[in-house]
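No lab work stands behind these numbers, since they all come straight from the coordinates. Since this is a predicted model, take the numbers as computed values, not measurements. Reconstructed Cβ throughout: ideal geometry from the backbone, glycine too, with neighbour counts over all protein chains shown.
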Amino acid sequence: MIVVICGPTASGKSKLAIRLAQDFNGEIINGDAFQVYKELEIGTAKPTKDELMMATHHLFDYVEPTKNHSVMDYQVEARKTINEILSRKKLVVIVGGTGLYQKASLYDYTFTEEKENVDLSDLAPLSNEELYSYLVSLDEKASLKIHPNNRKRVLRAIAIIRQTGCKKSEIEEAQEHKMIYEDVHFVGLNINREELYKKINDRVDSMFEEGLVEEVTSLYEKYDFNNNAFKGIGYKEFIPYFEGKNSLEETKELIKKNTRNYAKRQFTFFKHQMPTIWCDSIEEAYNYVKGLVNKDD
RNA sequence: GGUCCGGUAGCUCAGUUGGUAGAGCAAUGGACUGAAAAUCCAUGUGUCGCCGGUUCAAUCCCGGCUUGGACCA
């Protein structure tokens, strides 16, 4: 059985996952795009060393911050790990806030082999409109699902054609949009918005107390912040601070705001993209999983 | 006590030569297949500080009051 603990950031997912793994013979897999990186600790709200020892954790802390990590890389590792845990006849507990990563691992998403060194530089000077009409000419079906202003997606759809020789729409049509595992349960932690925002604000405050500034400062001295690892909330907001444009207080408020915005997007994703069962408290979620495990026996 | 400037959306403010108002941010809803903590889309009714006057019509003009700030005593 696979249980996915999802829901917004700061809702208590990690702690619940540990309890479930301990009580129901489970192992935990990270389902979060930024907790995969080494050295990013406080800002990613990674489980502490003590917590990591309370249950078996996988896919935390295994990617170098300079490496470009993608959904496909995650998918490969996650599926491998899921299969290993299942073969041990243990409960798989996936926990994290990145819905896309979880979906890509559990559903029949396929990523086609890409040619390297494909030149896309001719696209850079094009306006959004020009780029979009170019995509329409290449893959009209895919273009219908992308807004012309969403340059990143438009570019990606064009890149797929150049790098794989296949159309994005064709790749997706070849899939059944079904889960590739049996007995998968998405359990979402639902929190009243006001309460969640307070938790987020408090958590950012305690990140600063725990030494976030020191962590980010030493990373900034060591690495190029253009790497994807530093595009995460709690890291990218420090760039204007290091450049002398923002105060520390402004940086902190920005992190809080971005985290709140992010939490809202997470609700939308988990609400509409997967068959999530929502629980109003940690206890309720725990009991729900307990019921599933007992029924399974 | 006097002079001047301000009080308009949750916040910062714009505006209406008089016809009951709009930006940014926030907030809310949504999309999501190789950056996803990313990227993108949609949504603006608010006693225009209060009371009165002028007017067909006042948030706008006039008077008073209230309130914040600056300056002068």
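Sorted from largest down, give the three principal axis spans of the alpha carbons of region A:1-96, whole angstrom values.
Principal axes ranked by extent give 36, 26, 23 Å for the Cα atoms.
Using R₀ = 30 Å, calculate the FRET efficiency as 1/(1 + (r/R₀)^6) where r is the Cβ-Cβ separation of A:HIS185 and A:SER133; round to 0.05.
For R0 = 30 Å, the calculated efficiency reads 0.10.
Check A:HIS58: other-chain or 5+ apart residues with amide H under 5 Å from its amide H, H built from backbone geometry?
Placed amide hydrogens put A:ILE28, A:ILE29, A:ASN30 under 5 Å from A:HIS58.
For chain A, with a Gaussian network of springs between Cα atoms less than 10 Å apart, report the residue from A:HIS177, A:HIS147, A:HIS69 with the top mean-square fluctuation.
With Cα springs under 10 Å in chain A, the top fluctuation among A:HIS177, A:HIS147, A:HIS69 is at A:HIS147.
For A:ASN192 and A:THR112, calculate 0.36 nm times their separation in residues minus their Cα-Cα distance, and state this gained length in nm to one decimal.
24.8 nm
Distance between the C-alpha centers of region A:192-228 and region A:61-109? Whole Å please.
When both Cα centres are located, 24 Å separates them.
What do you get for Rg/Rh over region A:65-209 if you use C-alpha atoms and the Kirkwood form of Rh?
With Rh from the inverse mean 1/r over Cα pairs, Rg/Rh is 1.05.
Per the Kirkwood formula on distinct C-alpha pairs, the Rh of chain A is how many angstrom?
20.8
Run lengths n ≥ 4 of DSSP H only: what is the helix-derived mean residue ellipticity at 222 nm for chain A, with -39500 (n - 2.57) per run over all residues, to the nearest 500?
Mean residue ellipticity at 222 nm (helix-derived): -15500 deg cm²/dmol.
Tell me, what is the percent relative contact order of chain A, built from C-alpha pairs under 8 Å that lie six or more residues apart?
It rounds to 28 percent for chain A.
At q = 0.26, 0.27, 0.28 Å⁻¹, what log₁₀ I(q)/I(0) does region A:117-190 have when each alpha carbon counts as one equal point scatterer in the Debye sum?
Those come out to -1.19, -1.26, -1.34, one per q.
Normalise the Debye intensity by I(0) for region A:72-138, one equal point scatterer per Cα, no solvent, then take log10 at q = 0.21, 0.22, 0.25 Å⁻¹ and round to two decimals.
Result of the Debye calculation: -0.94, -0.97, -1.07.
Setting aside same-chain residues fewer than 8 positions from A:LYS257, which lysines have a Cα under 16 Å from its Cα?
In chain and number order, the partners are A:LYS198, A:LYS199, A:LYS231, A:LYS236.
Distance from the Cα centre of region A:129-159 to that of region A:253-297, in angstrom?
Each part's Cα centre sits 32 Å from the other's.
Find how much the distance from A:LEU155 to A:ARG203 grows on full extension, using 0.36 nm per residue of separation minus their present alpha carbon separation; answer in nm with one decimal.
Result: 13.7 nm gained on full extension.
Using DSSP, restrict attention to beta bridges with both residues in chain A and report what percent are antiparallel, rounded to the nearest 5.
Bridges in chain A are about 5 percent antiparallel.
Return the single residue from A:ILE160, A:ILE28, A:ILE85 with maximal mean-square fluctuation; model: Gaussian network over chain A, springs between Cα atoms under 10 Å.
A:ILE160
How are the Cα pair distances of region A:142-297 distributed, in percent, across 10 Å bins from 0?
Here the calculated profile for region A:142-297 is 8, 22, 25, 28, 15, 1.
Please get the size of the charge dipole for chain A, origin at its Cα centre, with Cβ charges of +1 on Lys and Arg and -1 on Asp and Glu, quoted in debye to the nearest 20.
Taking the Cα centre of chain A as origin, the dipole is about 580 debye.
Given all pairs of different Cα atoms, what value in angstroms does the Kirkwood hydrodynamic radius of region A:215-275 take?
Numbers: mean 1/r = 0.0774 Å⁻¹.
Final number for the Kirkwood radius of region A:215-275 is 12.9 Å.
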